[in-house]
Amino acid sequence: MSAREQFEDHGLLRFLTCGSVDDGKSTLIGRLLFDTKTILADTLSAIAKTSEKRGMGAVDLSLLTDGLQAEREQGITIDVAYRYFSTGTRKYIIADAPGHEQYTRNMVTAASTANLAIILIDARKGILTQTRRHSKLASLVGIPHLLVAVNKMDLVDYSQATYEKIKADYLEFAGKLGIEDVRFIPLSALNGDMIVDRGDKLNWYDGPTLLDILEETPAAHTEHTEKFRFPVQYVCRPQDSANPDLHDYRGFMGRVEAGTLKVGDAVTVLPSGLTSTVKAIQIGGVDIPEAITEQSVTILLADEIDTSRGDMIVKSSEVPAAVKQIEATVCWLAETPMDRNRTYLIRHTTRDSKAKLAAIDHRLDVNTLEKVAAEKLAMNDIAQVTFKLAQPLFADPYLENRGTGAFIIIDESNNNTVGAGMIL
Amino acid sequence: MTQRSTLSHLDWLEAEAIHIMREVAGQCANPVLLFSGGKDSICMLRIAEKAFRPGKFPFPLMHIDTGHNYREVVAFRDKRAAELGERLIVRSVEDSMKRGTVVLKHEGESRNKHQSVTLLEAIEEFGFDACIGGARRDEEKARAKERIFSFRDEFGQWDPKNQRPELWSLYNARSHKGENIRAFPISNWTEMDVWQYIEREKLELPSIYFAHKRPVVLRQGSIVPVNVPLMNGELTNLPKAGEEIIDLQVRFRTVGDISCTAPVESDADNVEKIVFETATTTITERGATRLDDQTSEASMEQRKKEGYF
């Protein structure tokens, strides 16, 4: 047995970091990568050279997250970047969302695949408007775990009173937002205190380090639902004349969005509503006894049921609603505002439907968190809307199941993805 | 329940990659999978098997051959495609040179970046609407920001400032005629994940990935292989006058055009030893071995804007 195999594999956790440049977000990510020994010598020497070129004394770890040429020229981050590190027991994907004016769109994108959000607060400044905005967006996008990191503790003499005050302030408004799982940690990303190592300045804090918290956060996307949902992506009919055994093979291929399925389970295929039982579950033509959440498998049914891409296989005891009108929270992503008179395409699981806006119930002002009346939707706007659909969708509320509660809006004239929606 | 309720990290990455390949097959009319014989594309073939067997792949395989590829890798490419019983298309940069669409600045210029021209010509020839590639976000900082489904215009250009938003696992592969989607199923894999997957799946690799003796010279801090035989027996990468040839124990971490891939010193002669070496290495994959990426800080981004993978 090699050394690696002694560790249990705790899967993969996706998280995002929210904050602006001033909060030390890039420094925090740089510090995580550096202290987990993810940064290799040549990268480090490249950023050391750049730090020197820019006249900085010490190596600036925030340069690690500098991306595109255009961004380097302007000194800002334009787009969501993904970073990777591993602790040997768990792999991490960090979605790093930039903090300038396109923030909402980028944060919603980064948050859509994350299971934890780190909200960075500058200890000198306390809770700001943007803290409220980040927290609200994280809760809207259904991130189950929030970690409030009070950074730059080195600049407030590692004061416990400052930390406790920020924590109390945050809890007060978090209660109003309905955020449940919130944890707090004091940090100095610059000096590396309480990130991977505890350091010796924050001895009054007896909680886990940032990395310890990441290591124990549940990785599963869907902690709330057990309802089996399997959107069909592709149908496999080999029709190989050399192999008559495959003549009747009809495999429904897809990824389990939620729940588990065993051979012998009673299932219903939507939209036809026809029922059958599971004859086999396979990966690459090899039988497995059970399929679990997020696994990509092929399902074979006992009866011949005409099924194609866009259909959904569910357990007969847990059939979702087929809806032709949806209420949803929508984030508009395109520069061209939404045109109320136009028909858009909604893509939900593997299913597409034409959609028309029926009503804008209200828009959310992400700074004041107030609901305001709205006639149109422009880029970065978040609103509660109602769509009428040409085809029924088999949907669950987003907060119950991201996979069957989320959709994107496509403008068919240029094929761009122009909006993101979460079904209420 | 005997089975664990969440996937291990390799199982998760594999499941995501299978899902992405099936989305390409489900959304695109005429996709192709780029297969070079290198380790990342070897993983991609295993993922395609898991995604589509017992059926055939819903796409052919294609290699853009610079004519300066390692013989071992080209032989492996052909062998693997034959074993799988899948169609392999090879299009060659040398044919583009004959057509006059690729013009080298000088005879010795690396042909690596010119693959873009041949790739775009092949896309047009076959009418491919999507190319599936084995690029990873951890390889390079321009790639860290590229979408899993990356839209390219008629000229194959990537516009980093105007990418389609990509949320959840809802991918948008729609394109108009002449436009193209590049899909990267192993975007979220690191070099370590690739090696762990190769070890777990017991995947066969071209021999040059394992430690072997090879004549090299040391040039500007890099190990440069010399007198490398091509398919026709001709030697390429000849040493410059005055360079001392040494026989070194090396392996390749990346494999591509001979002119721009350099090996690293190593005695790792099996996958387990390579996994260990990867875990303890101190130099990045491309930093150590891709001579073409060192030209400038933004060279990959520049190539991608010009249609490169």
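The values are calculated or read from the model by the stated rules, or taken from the named source; none is laboratory data. These numbers were taken from a predicted model, which means no experiment stands behind them. Neighbour counts run over all protein chains shown; Cβ positions are idealised from the backbone, glycine included.
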If we keep only residues of segment A:253-275 that are small (Gly, Ala, Ser) and buried (at least 17 other Cβ atoms within 10 Å of the Cβ), then the residue nearest to A:Cys236 (Cα to Cα) is A:Gly254
In segment A:313-339, what residues are within 14 Å of chain B (Cβ to nearest Cβ) and either in contact with a Leu (Cβ under 9 Å, 6 or more places away or on another chain) or crowded, with 16+ Cβ neighbours inside 10 Å (or both)? A:Ala328, A:Thr329, A:Val330, A:Cys331, A:Trp332, A:Leu333, A:Ala334
So A:Ala266 ticks every box in (1) among the small types (Gly, Ala, Ser); (2) more than 13 Å from every other protein chain (Cβ to nearest Cβ); (3) within 29 Å of the chain's Cα centre (by Cα) but one. Which box is left unticked? (3)
Return only the number of the condition from (1) more than 8 Å from chain A (Cβ to nearest Cβ); (2) in contact with a strand residue (DSSP E or B) (Cβ under 8 Å, 6 or more places away or on another chain); (3) on the phi < 0 side of the Ramachandran plot that B:Lys177 does not satisfy. (2)
Would it be correct to say that A:Val196 is within 29 Å of the chain's Cα centre (by Cα), buried (at least 17 other Cβ atoms within 10 Å of the Cβ) and modelled with pLDDT of 95 or more? no
Among residues of segment A:339-396 being among the hydroxyl-bearing types (Ser, Thr, Tyr) and either more than 22 Å from the chain's Cα centre (by Cα) or in the same structural domain as A:Gly254 (by TED's automatic domain parsing) (or both), the residue modelled with the lowest pLDDT is A:Thr368
Hey, A:Asp206 surrounded by 14 or more Cβ atoms within 10 Å (Cβ to Cβ), at pLDDT 95 or above, more than 30 Å from B:Met44 (Cα to Cα) and of a type in the set (Asp, Glu) or not: no
Counting only residues that are under 28 Å from B:Thr66 (Cα atoms) and either outside any loop (DSSP other than H, G, I, E, B) or outside the structural domain of B:Leu238 (by TED's automatic domain parsing) (or both), how many does segment B:258-277 have? 8
Can you tell which of A:Ser20, A:Ser26 is closer than 25 Å to A:Leu146 by Cα, modelled with pLDDT under 75 and not aliphatic (A, V, I, L, M)? A:Ser20
Considering only residues that are more than 24 Å from A:Asp22 (Cβ to Cβ) and modelled with pLDDT of 90 or more, which ones fall in segment A:86-108? A:Arg90, A:Lys91, A:Tyr92, A:Ile93
Kindly indicate the residue of segment B:30-76 that is assigned to a loop (DSSP other than H, G, I, E, B) and closer than 12 Å to B:Gly134 by Cα and also nearest to the other protein chains (Cβ to nearest Cβ) among those meeting that condition. B:Phe35
Looking at segment B:135-153 only, could you name the residues that are facing chain A (nearest Cβ under 8 Å) and either in a loop (DSSP other than H, G, I, E, B) or among the hydroxyl-bearing types (Ser, Thr, Tyr) (or both)? B:Lys141, B:Ala142
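Would you check if there is a residue in segment A:104-120 being under 24 Å from A:Gly207 (Cβ atoms), more than 14 Å from the chain's Cα centre (by Cα) and surrounded by 20 or more Cβ atoms within 10 Å (Cβ to Cβ)?
Within segment A:104-120, the first condition is being under 24 Å from A:Gly207 (Cβ atoms), and the residues that meet it are A:114-120.
Subset that is more than 14 Å from the chain's Cα centre (by Cα): A:119-120.
Keeping just the survivors that are surrounded by 20 or more Cβ atoms within 10 Å (Cβ to Cβ) gives A:119-120.
Within segment A:104-120, one or more residues are under 24 Å from A:Gly207 (Cβ atoms), more than 14 Å from the chain's Cα centre (by Cα) and surrounded by 20 or more Cβ atoms within 10 Å (Cβ to Cβ).
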Residue set B:Gly156, B:Gly178; condition surrounded by 21 or more Cβ atoms within 10 Å (Cβ to Cβ) and either not in a loop (DSSP other than H, G, I, E, B) or not hydrophobic (A, V, I, L, M, F, W, C) (or both); output residue B:Gly156
Only one of A:Gly419, A:Gly403 is within 13 Å of chain B (Cβ to nearest Cβ) and modelled with pLDDT under 95; which? A:Gly403
Those residues of segment A:109-131 which are more than 19 Å from A:Asp23 (Cβ to Cβ) and part of a helix (DSSP H, G or I) amount to A:Thr109
Applying the selection to segment A:107-132, what residues are among the hydroxyl-bearing types (Ser, Thr, Tyr), out of contact with any Pro (no Cβ under 9 Å at 6 or more places or on another chain) and within 11 Å of another protein chain (Cβ to nearest Cβ)? A:Ser112, A:Thr113
